[in-house]
Structure formats: C-alpha cells, structure tokens
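*Asks:* Below: one structure in structure tokens.
The values are calculated or read from the model by the stated rules, or taken from the named source; none is laboratory data. It should be emphasised that the depicted structure is a prediction, and the values quoted were computed from it without experimental measurement. All Cβ positions, even for glycine, are placed from backbone atoms using ideal geometry, and neighbour counts span all protein chains on display.
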Amino acid sequence: METIKHSEIKTIEVHPTQKTTALAAAHYIVHFVKNNPHATITYFTGVTPIPIYQEIARQVFKKGVNFRHTKAFHLDEYYPCSPQKPFSFVGYLQERVFIPFGIQKENTFPMNGLAPHAEKEADRYNDLVLQHPSDLMLLGIGPGSHIGFNESGASFESKTHLSNLSSETITRDQKRFGPDVPHQALTQGIKNILSAKTILLTVYGKERGEYLKPALWEKIDPRYPASALRLVGHKVTLLIDQEAAHIIQNRP
Ligand code: GLP
C-alpha cells in the first residue's frame, strides 16, 4: 500500500482497486468500533459505501465485531422524501447498516424527510448532533467536491440545514433514480462535519478523483466544500484507489 504526502491531511492511503479500498475502509471502521464499542458514527450513503457496509455486515454476522451499542446518525437525506422511496438515504441506511449491523433502534437517529417544516427538522437534527458529537464521521465525495449535501459555496460555518442541490448533482441523481428525485436535501453542515473527532473519507474511481483533486490542491475555499477538511486535516484519513490517485497526482 502506497501513501501520498499532503501538508494538511494526516493520512492518504492508496489501495490497488475499489474493492481493496472498500475493504480497508471496512477494516478501519471495525477496528474503530472494537476500540470504541459505544462510538457515535455518522454514515454516508451512495454507491461508494455499498461494499464497505457489506463487508462490515459480514463481519458482524460472523460475530467478529459488535455494533449494538454504537449510535448511528445520518449525514443527509433528500427532502421531501419518504423512507420508502428508492433514493431515500433513511431507507438505505435502515437496510444496509442499522439492521445488518444490529444497532439497537433507540441508538439510531433518522432524519425525517417528511417533516412538514424542513428548517425545523434541520434544527432538531442539529440539536441532536450537538448532544451526540460524532466520534467517527464517514464521508464520500460528490459533484462539485460536495461532502454530505453541502454543495459548492456552502459556508464552512453551516450547521444542519436544507440544501438546494446543484444542477450537476441533480443530473447525477436523475441518471440514477429518474425524474422524481428531489432537488433539495437535509444535510449536516460543514461545521458539524468538522466537529467530528475522527473523519474517514473514501474516494474511488476517476470521476470522484476529479471531484477530490481541487479540494486537495486548490485554495481552501467554500467553492470546494471538501477543501474544508484540510482545516482539520490532523484528524482526517483519506482512502483512495489507484484510479483516483492517478487523477489527483496529476497536479494542476
Ligand atoms: C451523495 C451523498 C454524499 C456522498 C455521495 C457519494 O451525494 N450526499 O454524502 O458522499 O453521494 O457518492 P457516490 O454515490 O458516487 O459514492
């Protein structure tokens, strides 16, 4: 396994393939929970974490690790959105994380994508996050270097809020889920993300490498939301595959 040097990010590990990168992320999380059985964890969603969560579920099934006493938080959820919708992150985490990891129901904190007032729901969730600061924040990256659904331009001071999705994000999501996908989402803000004790960012593939590149090497700026992670780079571990590494090493 190679590493890449970066003046602000503590660790950048390069793994050969998407599969080995996902396995490295799963092992990191399992190790974290073995050391912190009561950890509060914020979970990201999407394509990237599917093999990560599958591997953890396998280890939980084999009784290699116990997530029962961990607390599970959402990073984001579409709005408005019922958990039954195929694109719902609440439905996704319920199916791929909360149930297979055996997390006790009272320790899961779903966002309510059907709340009548989005702002009130965002405030309610923000209060919960402040009461239960994340020990481990799991992140991926999306269009415009977004983290969670903090789109390009989001303030680094932002708390949990309703975000207007960028046209690039909407296009990506419509390709995945069709025309019904909402144009807004609730998301933990950048300030919430930076407050976590430990941050694990997993990025693989060429396209996500393109999203990551300016966030690593351009000026730290709200234009590239993921660049905010460099402000707390001493607590960030970044796992990438060769394909993404190739893109980010090709510096501007
Ligand atoms: C969405 C989520 C992000 C996540 C990203 C992963 O945009 N809001 O929190 O990082 O998906 O993208 P992918 O599905 O390409 O892995």
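*Asks:* If the Cβ limit is 8 Å and pairs must be 6+ apart or interchain, which residue in region 6-24 that is within 10 Å of residue 241 (Cα to Cα) pairs with which residue that is exposed (fewer than 14 other Cβ atoms within 10 Å of the Cβ) and among the polar types (S, T, N, Q)?
*Replies:* 13/3; 14/3
*Asks:* Next up: Would you confirm whether or not region 221-241 contains a residue that is on the phi < 0 side of the Ramachandran plot, modelled with pLDDT under 95 and surrounded by fewer than 19 Cβ atoms within 10 Å (Cβ to Cβ)? I'd like the intermediate steps shown before the answer.
*Replies:* Kept after step one, since they are on the phi < 0 side of the Ramachandran plot, are these residues of region 221-241: 221-241.
Now restrict to residues that are modelled with pLDDT under 95: none.
Looking through region 221-241, none of the residues is on the phi < 0 side of the Ramachandran plot, modelled with pLDDT under 95 and surrounded by fewer than 19 Cβ atoms within 10 Å (Cβ to Cβ).
*Asks:* Scanning region 109-121 for residues that are within 16 Å of the chain's Cα centre (by Cα) and assigned to a loop (DSSP other than H, G, I, E, B), which turns out surrounded by the fewest Cβ atoms within 10 Å (Cβ to Cβ)?
*Replies:* Looking at residues that are within 16 Å of the chain's Cα centre (by Cα) and assigned to a loop (DSSP other than H, G, I, E, B), I get 110.
*Asks:* Based on this model, can you work out whether residue 106 counts as more than 16 Å from the ligand (Cβ to nearest atom), in a helix (DSSP H, G or I) and buried (at least 17 other Cβ atoms within 10 Å of the Cβ)? Give the steps one after another, and end with the answer.
*Replies:* Details: more than 16 Å from the ligand (Cβ to nearest atom): yes; in a helix (DSSP H, G or I): yes; buried (at least 17 other Cβ atoms within 10 Å of the Cβ): no.
No.
*Asks:* Of all residues in region 83-93, which are surrounded by fewer than 18 Cβ atoms within 10 Å (Cβ to Cβ) and farther than 18 Å from residue 165 by Cβ?
*Replies:* Hit for region 83-93 is 84, nothing else.
*Asks:* Still on this structure, I have one more. Can you say whether residue 177 is hydrophobic (A, V, I, L, M, F, W, C), more than 16 Å from residue 44 (Cα to Cα) and at pLDDT 95 or above, as far as the supplied structure shows?
*Replies:* Numbers: hydrophobic (A, V, I, L, M, F, W, C): yes; more than 16 Å from residue 44 (Cα to Cα): yes; at pLDDT 95 or above: yes.
Answer is yes for this residue.
*Asks:* Only residues that are within 11 Å of the ligand (Cβ to nearest atom), in contact with a Lys or Arg (Cβ under 9 Å, 6 or more places away or on another chain) and in a loop (DSSP other than H, G, I, E, B): list them for region 125-150, please.
*Replies:* 140, 141 - these are the residues of region 125-150 that are within 11 Å of the ligand (Cβ to nearest atom), in contact with a Lys or Arg (Cβ under 9 Å, 6 or more places away or on another chain) and in a loop (DSSP other than H, G, I, E, B).
*Asks:* Okay, moving on. Out of everything in region 147-168 that is in contact with an Asp or Glu (Cβ under 8 Å, 6 or more places away or on another chain) and hydroxyl-bearing (Ser, Thr, Tyr), what residue ends up being nearest to residue 120 (Cα to Cα)?
*Replies:* 160
*Asks:* Going by what's in this entry, would residue 80 be described as under 19 Å from the mean Cα position of the chain (by Cα), modelled with pLDDT of 95 or more and either away from the ligand (no atom under 14 Å from the Cβ) or not small (Gly, Ala, Ser) (or both)? Outline the logic, then answer.
*Replies:* Details: under 19 Å from the mean Cα position of the chain (by Cα): no; modelled with pLDDT of 95 or more: yes; either away from the ligand (no atom under 14 Å from the Cβ) or not small (Gly, Ala, Ser) (or both): yes.
Taking the combined requirement at face value, the residue does not satisfy it.
*Asks:* Looking at (1) free of Cβ contacts under 8 Å to residues at least 24 places away in the same chain; (2) surrounded by fewer than 20 Cβ atoms within 10 Å (Cβ to Cβ); (3) part of a helix (DSSP H, G or I); (4) of a type outside the set (Ser, Thr, Tyr), which one does residue 96 not meet, given that it meets all the others?
*Replies:* (1)
*Asks:* Right, something else. Can you find even one residue in region 130-148 that is among the polar types (S, T, N, Q) and without any contact (Cβ under 8 Å) to a residue 12 or more places away in the chain? Walk me through it before giving the result.
*Replies:* First, the residues of region 130-148 that are among the polar types (S, T, N, Q): 131, 134, 145.
With the extra rule that they be without any contact (Cβ under 8 Å) to a residue 12 or more places away in the chain, the set shrinks to 131.
Within region 130-148, one or more residues are among the polar types (S, T, N, Q) and without any contact (Cβ under 8 Å) to a residue 12 or more places away in the chain.
*Asks:* Scanning for something among the aromatic types (Phe, Trp, Tyr) and under 21 Å from residue 49 (Cα atoms), does region 202-216 turn up at least one residue? So that I can check it myself, show each step before the final result.
*Replies:* To start, the set of residues in region 202-216 that are among the aromatic types (Phe, Trp, Tyr) comprises 204, 211.
Narrowing further to those that are under 21 Å from residue 49 (Cα atoms): 204, 211.
Within region 202-216 (the criterion being among the aromatic types (Phe, Trp, Tyr) and under 21 Å from residue 49 (Cα atoms)), the answer is yes, since at least one residue qualifies.
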